[in-house]
Structure formats: structure tokens, C-alpha cells
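Engineer: I have a structure here, written as C-alpha cells, and I will follow up with some questions on it.
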Amino acid sequence: MRTMAVLALGVVTLGMSSSVVCADDAACEAVLAAIVKQTTVPVHQKITIETAAVPGRAIQSEIIHLNGTFYTQSHGQWTASPYDAAKAAGNVRQAMLKAEHSCTRLGSEPVDGQPAELYGVKSKSASSASEAQIWISSATGLPLRHNVTMDQGANQVKSEVRYEYANVRAPAGVAR
């Protein structure tokens, strides 16, 4: 279950990592700002992961961070752990130093009726490469959805994350 949480958290940060290679600095700044902002607000993430290691079987998971607690659901079981928004934002920024990436604004495209800006992010490190699309709300500057395809040698991982910010609540019966 811990592996799932780590994988989900990696997906949440788009597998983003970077040195100084950016196709469009403004696009990269918009993506980073959205991800950092998201670390500071209550959010419920619904995650679907498909991997070449387990073809035809999508993994469903959820993450909620709320009031200093990080809730993770995997295989129907919820766990809770402390959540430090400042540390999470620092981790996102730190991840930006580990590989090359490029960002491109791809246009405007609504998500569930909400106006959003669509960005493409390509990332490459010594051990993996990824391509992502992230839809950022035009109204709030928060991510609404993102899709990532990550190549890790012979294994390819595809994920989709949907973000909800309204009425975020802790899962019932899960103690911190």
C-alpha cells in the first residue's frame, strides 16, 4: 500500500523535474505555480493508473489532503498521515532540479464545464521520461485534471488524475 501512495504522489507532481531547459518559461511557471498552489488547499484527487507490468488492470486510488492530514486510499483501504503543505511545496520545487523538462501552452479547453488552460510538459531524467497534459482552471489557477505517460525502461505507466476542491472531507472512520 505504501508503494501505491508513493506512486500516486509521484503522479500528482506530474513526474516533473527540471534543470534549465524550458520551451516556454511562462508555461513552466504557470504549471509550477498551479502545482504549488494545490499543495496549500484542501483537495480530493481521484487517480487511475495503468501500467505495462499489469496490462488491462487499471489501479484506482484516491488522495485527500485536508487540515494537515494526507489521506490515501488504495484497494479500498484508507490510511492517514501528517501533511505539511510547506514541505510538499518545497518537495515540488526540489523535484524541479533533477532533470530536464519543457512546457508548452496548448490552448484553452474546459474540464467538466470549467474554463481551463491546457499545458503540455515533457520531462526527462537519466532513468525515465514522461509526457503530461495538465488542465489549469482559468478562474482559480488550480489543476483540474492531468494525464501522464511515464516511460521507465521497459515499463510504461499511464495515469489520469481528477481534482476536486469543493466540499473536501476526510474519509469516514479514518483516524489520524
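Engineer: Could you name the aspartates and glutamates whose alpha carbon sits less than 18 Å from that of Lys122, not counting residues in the same chain fewer than 8 places away?
Structural biologist: Answer for Lys122, where 18 Å is the Cα cut-off: Asp24, Asp25, Glu29, Glu100, Glu131, Asp151, Glu160, listed by chain and number.
Engineer: Go through 30-41, 106-117 and give me the packing order, highest mean Cβ count within 10 Å leading.
Structural biologist: Values: 30-41: 18.7, 106-117: 13.4.
Peptide ranking by packing, descending: 30-41, 106-117.
Engineer: Give, in nm to one decimal, the length gained when the segment between Ala86 and Ala53 is fully stretched (0.36 nm per residue of separation minus the Cα-Cα distance).
Structural biologist: Values: separation 33, 0.36 × 33 = 11.88 nm, distance 3.42 nm.
Roughly 8.5 nm would be gained on extension.
Engineer: Now a separate question. So how much slack lies between Lys46 and Ala166, counting 0.36 nm per residue of separation and subtracting their Cα-Cα distance, in nm?
Structural biologist: On the way: separation 120, 0.36 × 120 = 43.20 nm, distance 1.37 nm.
Full extension from Lys46 to Ala166 adds 41.8 nm.
Engineer: Rank-order 56-69, 77-90 by packing density, defined as the average count of other C-beta atoms within 10 Å over each peptide's residues, highest first.
Structural biologist: The densest-packed peptide leads the list: 56-69, 77-90.
Engineer: Work out how much length Ala129 to Arg93 would gain on full extension: take 0.36 nm times their residue separation and subtract the Cα-Cα distance, in nm to one decimal. Intermediate values should be presented prior to the final figure.
Structural biologist: Details: separation 36, 0.36 × 36 = 12.96 nm, distance 1.83 nm.
Gain on extension, Ala129 to Arg93, equals 11.1 nm.
Every number here is computed from the coordinates shown, using simple stated rules; none is lab data. Predicted model only: the values in this text are computed from it and were never measured. Counting neighbours? That spans all protein chains shown, and the Cβs are built from the backbone with ideal geometry, glycine included.
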